[in-house]
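I have placed the structure first, in the form of structure tokens, so that the comments after it can refer back to it.
Here, each number is a calculation from the coordinates, and none is a lab measurement. A quick note: this is a predicted structure, and the numbers were derived from the prediction, not measured. Cβ: placed from backbone, ideal geometry, glycine included. Neighbour counts: every protein chain shown.
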Amino acid sequence: MKQPNLSTAGLIGIMFWIIALCGGVKINSLITVATVGAISAYLSVMNNQYQMLRIKSFINPWSDPEGNGYQLIQSLLAIGSGGVLGKGFGLSMQKLQYLPIQHTDFIFAIYAEEFGLLGSIFLLGFLAIFSYLSLRIAIKSRNNYTKLVATGCATLLIGQSLIHIAVTTGSMPTTGLPLPFVSYGGNSLIGSLFIAALLLRCSLESTGFIGNLRARKTLN
């Protein structure tokens, strides 16, 4: 919040809120925290001019097509020009310096342009499968600690992906969140891999693999 980086702060807040919900925190407390978070976000937008401009450009990007609304308009053009089947891998036109930050914060727009509607549905289907598997890991966890860790990892990866896609499609104001495992950048990739590794560890714990391995070492 202090940087300011409202999108990352919001994502982390959502993660803690969902973890608290799964951990059995009272609804009244969760509502209070959500209210405080909403007020904090409002104050951040009112005190940071660029955040206010992003919201205005989200509501009507065509009011300033060569300024604040330029990026969103170019993103929508990329997605729309992809059609059903897309232009083909590597054949995007918008990535040729038409769409700013196309390799990180708006990578999904380039993906949709090159792979089209079918490719986008495939990616969303992959996210749905990943969500289902993450939910199974959390439900089958043998202790509350592992369940909450799995819930937090899934919320970070899936929530960040959905926010990224929502931004590129004009469903929410522009933020600076990359698409996990897809966007360019070593820090983003390493962070996503660490979170996925934690989720895999929770899966091994829930299946009893770690416990069986320790038992074998003890017997040996």
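So what is the 222 nm mean residue ellipticity for the chain from helices alone, if each DSSP H run of at least 4 adds -39500 (n - 2.57) and you divide by all residues, rounding to the nearest 500 deg cm²/dmol? Please list the in-between numbers first.
On the way: 8 runs with 153 residues, N = 220.
Roughly -24000 deg cm²/dmol at 222 nm, from the helical runs in the chain.
Quick one: Cα convex hull volume of region 6-215, Å³ per residue? Intermediate values should be presented prior to the final figure.
On the way: hull volume 28.5 nm³, N = 210.
Taking only Cα atoms, region 6-215 has a hull volume of 136 Å³ per residue.
Quick one: what does P(r) look like for region 62-163 with 5 Å bins over all Cα pairs, in whole %?
3, 13, 17, 16, 14, 11, 9, 7, 5, 3, 1
Can you find, among Ser29, Gln74, Ser188, the residue farthest towards the positive end of the dipole of the chain? Put +1 on the C-beta of Lys and Arg, -1 on that of Asp and Glu.
Final value for the positive-end residue is Ser29.
Can you give the angle from 0 to 90° between the axis of helix 6-22 and the longest principal axis of the chain, with both taken from C-alpha atoms, to the nearest 10?
Helix 6-22 and the main axis of the chain meet at about 30 degrees.
Figure the gain on full extension for Gln49 and Arg136 (residue separation times 0.36 nm, minus the Cα-Cα span) and round it to one decimal in nm.
So the chain would gain 27.1 nm between Gln49 and Arg136.
Nearest 10 degrees is fine. How inclined is helix 70-81 to the longest principal axis of the chain, computing both from alpha carbons?
80 degrees
Restricting to Cα pairs below 8 Å that are 6+ residues apart, what does the relative contact order work out to for region 6-215? Please round to a whole percent.
On the way: 255 pairs, mean separation 46.3, N = 210.
This gives 22 percent for region 6-215.
In degrees from 0 to 90, rounded to the nearest 10, what is the angle of the helix 144-168 Cα long axis to the longest principal axis of the chain?
10 degrees
Just name one of Leu117, Gly10, Met93: the one whose Cα is farthest towards the positive end of the charge dipole of region 6-215 (beta-carbon charges, Lys/Arg +1, Asp/Glu -1).
It is Gly10, whose Cα lies furthest towards the positive end.
To the nearest 20 Debye, how big is the dipole of region 6-215 about its Cα centre, given +1 on the beta carbon of each Lys and Arg and -1 on that of each Asp and Glu? Can you show the working numbers first?
On the way: 11 positive and 6 negative charges, 163 e Å.
Once rounded to the nearest 20, the dipole reads 780 debye.
Under 30 Å between C-alpha atoms is the cut-off here; go through the chain and count lysine pairs that meet it, provided they're at least eight residues apart or on different chains. Walk me through the numbers before you get to the answer.
Values: Lys2/Lys26; Lys2/Lys56; Lys26/Lys140; Lys26/Lys147; Lys56/Lys95; Lys87/Lys95; Lys140/Lys217; Lys147/Lys217.
The result is 8.
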